[in-house]
Amino acid sequence: MTSAGAARSSMVTYATINLLMIQGLLGERWDVKYSTRSICALRGAPVWMSCHYTLPSGFAVRDAFWCECEDGKTRLLPQDADYQSRVHAACTLRTNRCTLNITRLSQSDAHEYNCRITTSHVFFQGWTGNEGIVLSVTDLSVEIVGAATEGNDVRLVCKTSCNLSSSPTYSWKKNGEPLEKEPTKNNELLLHPVSREDGGRYSCAVKGHEDLSSAEVELSVRYSPKDTVVFIRHHGEVDEGGSVTLSCSSDANPPVQNYTWFKENVTSPVAAGQNFTITNFTSAQVGLYSCQARNEVGVQNSAAVSLLPRGRGTRRIVTVTLAVTAVLVVLCGITLFVLRRRKDTEPSGFWRKQNWPEESDLPESRPQHCCPP
């Protein structure tokens, strides 16, 4: 046999031995079983994983540990500097079981993790379980679903980039304060229907990990003008020939786009804009005025206010005062008349006896002297 033939024969024999070693004696095989093949965990939270390995009889395990495989490169855990303070790995040779705990997960921890077994066999010194546990790391985010216009239904969805393996429940906060409403089974907060009071900053978190909440998302609810009111100085009294300004205020989102002014019994608008100024006031401007506020969502009219020439209000007060005074005078006259009538109807002796003493009862009159005798 030539040297080349001897080399080929030796290679075949070595491959056969390796195959027998891998398959094991008497049909036994090397094998690693994992608790799961994929894990989705929250960034900042801890994660646990485990594996169980078997090996053919006749092999003695020298060591078992976890390693991270990425782009064909292997990093041993927890010896790697990136993991030393956050990783706890343990393997029990008696039970052929290994566990791995990583705390304070970061996005850089998203890799495939494998169990590796080493032996003291001269021909077969190590085995790494194929298709290990793929770890995905996700953040939380809030998505607003539906048109946030007052009266509509709006859903706030707490989203992740992968399905969290722990099947958690979620909690919600508005403006940093916990919400009483409970999320639906789909990890959604339903605002049915949404109102302007629902506007604010929302965030979600996994219960038990409230310190790892999502970023806040602003919910801006659109609504038609509310609380539309007219402001006017001097209680609506204006000097003849003077000027007066009426101002309209309204709460709306988006803000009011158009203010329109109306006068009672006048079909067409009399002015436009948030402020309405009348100069050279005359009796023709006397009347009731109102404003209308309008935005993209709707419209609302204010209550009417009156404009009067200055003094008309004073004259009204004087008129009312005179009327009240006249009523009081009449009542006093009636009272005096009734009392007088009662006096006239009583017997004359009654008044004499009741009010004046008899002459015999009077004290004897004596002369008065200024000086002693």
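The values are calculated or read from the model by the stated rules, or taken from the named source; none is laboratory data. As the structure is a prediction and not an experimental result, all values here were calculated from the model. Backbone-built Cβ (ideal geometry, glycine too); neighbour counts: all protein chains shown. In case anyone asks, the SASA skips ligands and DNA or RNA and just uses the protein heavy atoms, side chains included. Shrake-Rupley method; radii C 1.70, N 1.55, O 1.52, S 1.80 Å.
With every protein chain present, what accessible area does residue 75 have (1.4 Å probe, heavy atoms only), rounded to the nearest 10 Å²?
Counting only protein heavy atoms, the figure is 70 Å².
Return the FRET efficiency for the residue pair residue 29, residue 155: r is the Cβ-Cβ distance, R0 is 45 Å, and the value is rounded to the nearest 0.05.
E between residue 29 and residue 155, to the nearest 0.05, is 0.35.
Enter the accessible area of residue 120 (Å², nearest 10), with the probe set to 1.4 Å and all protein chains included.
Here the residue's solvent-accessible area equals roughly 90 Å².
What is the calculated FRET efficiency for residue 94 to residue 38, with r their C-beta to C-beta distance and R₀ = 41 Å, to the nearest 0.05?
0.90
Under a 1.4 angstrom probe, counting protein chains only, how are 263, 173 ranked by accessible area, largest first?
173, 263
Can you sort 167, 141 by solvent-accessible area, 1.4 Å probe, largest first?
Accessible-area ranking of 167, 141, largest first: 167, 141.
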